[in-house]
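See below for the structure under consideration.
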Amino acid sequence: MTSALVPVHLHAKAMSTSDNLEETHLPPRIQAVCLDIDDTLVDFTTSARKALCSMIGRDDMWPTWLRMTEEHVAKVVSGEMDPDTMRMARTKAFLADLGALLDDEAVCRLEDRRMAEASGDWRLFDDVFPCLDWLQAAGLKVAAVTNASGSHQRAKLNRLGIARFFDTVVIAGELGAAKPDPVIFRTACDNLDVPVDEALHVGDRLDVDALGARDAGLHGVWLDRCHAPGPRPHAGVHVIDTLGDLPELIVSEYLTPATTSTSAVPGQRMPDPVSGPRAAWSTISGRHHGQ
């Protein structure tokens, strides 16, 4: 295994028999990693679905809730609604679809209770802190890029103790553009002062995150925690099963600030900057799309 700092293929030039320097193909260079928040860092679905079930007394309406949420969040992104108005309008429409025609006061009480229960249950996935520690130690800039509608995402990052890892947080509802719109990815890169082709984006949705990032000029990585069925391959998209696989993907496929620093010696084995021996990291998935 290679170290977290120096990939085995880090050899910039090779001497030909005629003593002329001949460049070899170097892997792409990245300076930054962008991360989705919900269901990438935070187990959003578990807490939100549990709170919804508590509100309506049944668990079969989750797909409808997601669909109606996306429709209403789009109105925040377009500027038609503010986030608080959206939450009430979404919940009122959802309940009406179930046949519960409630006044605004009743809807407000139910929605506030649902939101409080969901936020009280927010949890990070177990692989989040080790991965963020590694990215920081590897000298990479880090952004959070989310399709959420409001500033509650910042409160979420603070409450869960990971806000300190992020150099910028880009929220669709504040920007007026949502993934997979290239604008949101490019805004994150601009905030980090990094070219789009030197940034990598990781998210749990293939279409919105990985393919959206790829089409915006970034390197796309799909975090497929649930091994979702679907068509394969998708050119230019890597697949990982856990954030524990991300360091090995980066080491294997990219040059980073740590690998290109003056302290890094090509070919030298060095200890992992966070976890020590590489055996502590899980093996990257072999399902690299398009390779």
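The values are calculated or read from the model by the stated rules, or taken from the named source; none is laboratory data. Model, not experiment: these values are computed from the prediction. In this analysis, Cβ positions are derived from the backbone assuming ideal geometry, glycine residues included, and neighbour counts consider all displayed protein chains. Each accessible area value is taken on the protein alone, full model and side chains, heavy atoms only, with ligands, DNA and RNA left out. Shrake-Rupley method; radii C 1.70, N 1.55, O 1.52, S 1.80 Å.
Got at least one residue in the range 130-138 being in contact (Cβ under 8 Å) with a residue 60 or more places away in the chain, out of contact with any helix residue (DSSP H, G or I) (no Cβ under 9 Å at 6 or more places or on another chain), under 18 Å from residue 247 (Cα atoms) and part of a helix (DSSP H, G or I)? I'd like the intermediate steps shown before the answer.
Keep residues of the range 130-138 that are in contact (Cβ under 8 Å) with a residue 60 or more places away in the chain, which gives 130-131, 133-135, 137-138.
Right, trim to out of contact with any helix residue (DSSP H, G or I) (no Cβ under 9 Å at 6 or more places or on another chain) and you get 137.
Next, only the ones that are under 18 Å from residue 247 (Cα atoms) stay: 137.
Keeping just the survivors that are part of a helix (DSSP H, G or I) gives 137.
Yes, there is a match, as at least one residue in the range 130-138 is in contact (Cβ under 8 Å) with a residue 60 or more places away in the chain, out of contact with any helix residue (DSSP H, G or I) (no Cβ under 9 Å at 6 or more places or on another chain), under 18 Å from residue 247 (Cα atoms) and part of a helix (DSSP H, G or I).
Would you pick out the residues in the range 97-149 that are under 26 Å from residue 224 (Cα atoms), open to solvent by 60 Å² or more (accessible area, probe 1.4 Å) and of a type outside the set (S, T, N, Q)?
Just the residues of the range 97-149 that are under 26 Å from residue 224 (Cα atoms), to begin with: 118-149.
Now drop any that are not open to solvent by 60 Å² or more (accessible area, probe 1.4 Å), which leaves 123, 126, 129, 136, 141.
Selection gives 123, 126, 129, 141.
Looking only at the range 57-97, count how many residues are touching a Lys or Arg at 6+ places or on another chain (Cβ under 9 Å), assigned to a loop (DSSP other than H, G, I, E, B) and either under 18 Å from residue 153 (Cα atoms) or touching a residue at least 40 places away in the same chain (Cβ under 8 Å) (or both). Going through the range 57-97 one residue at a time, the tally reaches 1. Could you tell me which residue of the range 162-186 is surrounded by the fewest Cβ atoms within 10 Å (Cβ to Cβ), considering only residues that are out of contact with any Ser or Thr (no Cβ under 7 Å at 6 or more places or on another chain) and either without any contact (Cβ under 8 Å) to a residue 24 or more places away in the chain or among the β-branched types (Val, Ile, Thr) (or both)? That would be 164.
Would you say residue 79 is touching a Gly at 6+ places or on another chain (Cβ under 7 Å) and open to solvent by 50 Å² or more (accessible area, probe 1.4 Å)? Answer is yes for this residue. Please tell me if residue 213 is touching a His at 6+ places or on another chain (Cβ under 6 Å), open to solvent by less than 30 Å² (accessible area, probe 1.4 Å) and part of a helix (DSSP H, G or I). Judged against the criteria, residue 213 is a match. Among the residues of the range 216-256, those identified as assigned to a loop (DSSP other than H, G, I, E, B) and within 14 Å of the chain's Cα centre (by Cα) are 218, 224, 225, 241, 242. Residues of the range 150-161 that are open to solvent by less than 10 Å² (accessible area, probe 1.4 Å) and of a type outside the set (Lys, Arg): 150, 153, 157.
Contact annotation: residue pairs with Cβ atoms under 6 Å, 6 or more positions apart or on different chains, pairing a residue in the range 199-224 that is more than 16 Å from residue 131 (Cα to Cα) with a partner that is open to solvent by 10 Å² or more (accessible area, probe 1.4 Å) and in a strand (DSSP E or B), are 206/222; 210/222.
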